[in-house]
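Each remark here refers to the structure printed beneath this line.
The values are calculated or read from the model by the stated rules, or taken from the named source; none is laboratory data. Predicted model, so just to flag it, every value in this text is computed and none were measured. Positions of Cβ are generated from backbone atoms using ideal geometry, with glycine treated the same way; all protein chains shown enter the neighbour counts. Quick note on the areas: whole protein, heavy atoms, side chains included, nothing else; ligands and nucleic acids left out. Shrake-Rupley method; radii C 1.70, N 1.55, O 1.52, S 1.80 Å.
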Amino acid sequence: SEFSLKYIESGTSAFEDCGSLTEIRIPDRVTKIGKQAFYHSGLTAADVSVFVTEIGDKAYYHCDALQEIRVDPENPNYCDVDGVLFNKDKTVLLKYPEDKKDKTYTVPDGVTEIAAEAFMGKRHLTSVVLPESLTKIGYDAFLGRPRRFRLVCADDNEIVRQYAEHYGITLETGGTLE
């Protein structure tokens, strides 16, 4: 009988705490990467095939060496822009890799939501520029940021202002980094 892996299942934290796991080839027949599947693993890059239709919450949570997430362009539900994970229509930023080396990041125009914990633990980032289109910032989206971290937005976005005040994040309006 042939072994057929279809899911990296939710709740199992399949590769949790596998710090020596720096890369993995997931078979094309895998359609689901479950909740916390690679929690605290040593992955440096993650590949999402055309067949993956679901990525669970915190699938790449605390992957401190993760520098990019690469999504097959034909994937029907997800895409990446420069190694950052988005839903297919690029309205939700799902995950900014924890070890991506950028000091600043500009969220693309058209993004309306930043998912919960999307930027959590980003030790390299010192500022994120947010688009006017943003209407929702998920729980703890920027938790674990550097002390001198700041958010920048073009206008006085009430959602961003309230989030920055609640989490004690410096907010600059005017839209550009100086």
Assuming Phe38 fulfils every condition listed in (1) at pLDDT below 90; (2) touching a Ser or Thr at 6+ places or on another chain (Cβ under 8 Å) apart from one, which condition is it? (2)
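When residues of region 118-151 are filtered for being among the aliphatic types (A, V, I, L, M) and over 18 Å from Gln67 (Cβ atoms), how many remain? Reasoning before the result, please.
Restricting attention to region 118-151, the residues satisfying the condition of being among the aliphatic types (A, V, I, L, M) are 118, 120, 125, 128-130, 134, 137, 141, 143, 151.
In the following step, the residues that additionally are over 18 Å from Gln67 (Cβ atoms) were identified as 129-130, 134, 137, 141, 143, 151.
Counting residues in region 118-151 that are among the aliphatic types (A, V, I, L, M) and over 18 Å from Gln67 (Cβ atoms) gives 7.
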Filter region 106-117 down to the residues that are under 17 Å from Glu68 (Cα atoms) and modelled with pLDDT under 95 and list them by number. Glu117
Grab the strands (runs of 3 or more DSSP E) fully contained in region 60-111, keeping just those with 2 or more residues being open to solvent by less than 40 Å² (accessible area, probe 1.4 Å). 68-71, 78-81, 84-87, 92-95
Scan region 25-38 and report the pairs whose first residue is under 18 Å from Val50 (Cα atoms) and open to solvent by 40 Å² or more (accessible area, probe 1.4 Å) and whose second residue is in a loop (DSSP other than H, G, I, E, B) and aromatic (Phe, Trp, Tyr), with Cβ atoms within less than 9 Å and a gap of 6+ or a chain change. Asp28/Phe51; Arg29/Phe51; Thr31/Phe51
Give the residues of region 133-157 that are open to solvent by 80 Å² or more (accessible area, probe 1.4 Å), more than 17 Å from Pro108 (Cα to Cα) and at pLDDT 90 or above, sorted by residue number. Tyr139
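Across region 112-126, what is the total count of residues that are open to solvent by 10 Å² or more (accessible area, probe 1.4 Å) and not in a loop (DSSP other than H, G, I, E, B)?
1
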Just to verify a result, which residue in region 127-178, among those that are more than 23 Å from Thr91 (Cα to Cα) and assigned to a helix (DSSP H, G or I), is nearest to the chain's Cα centre (by Cα)? Tyr167
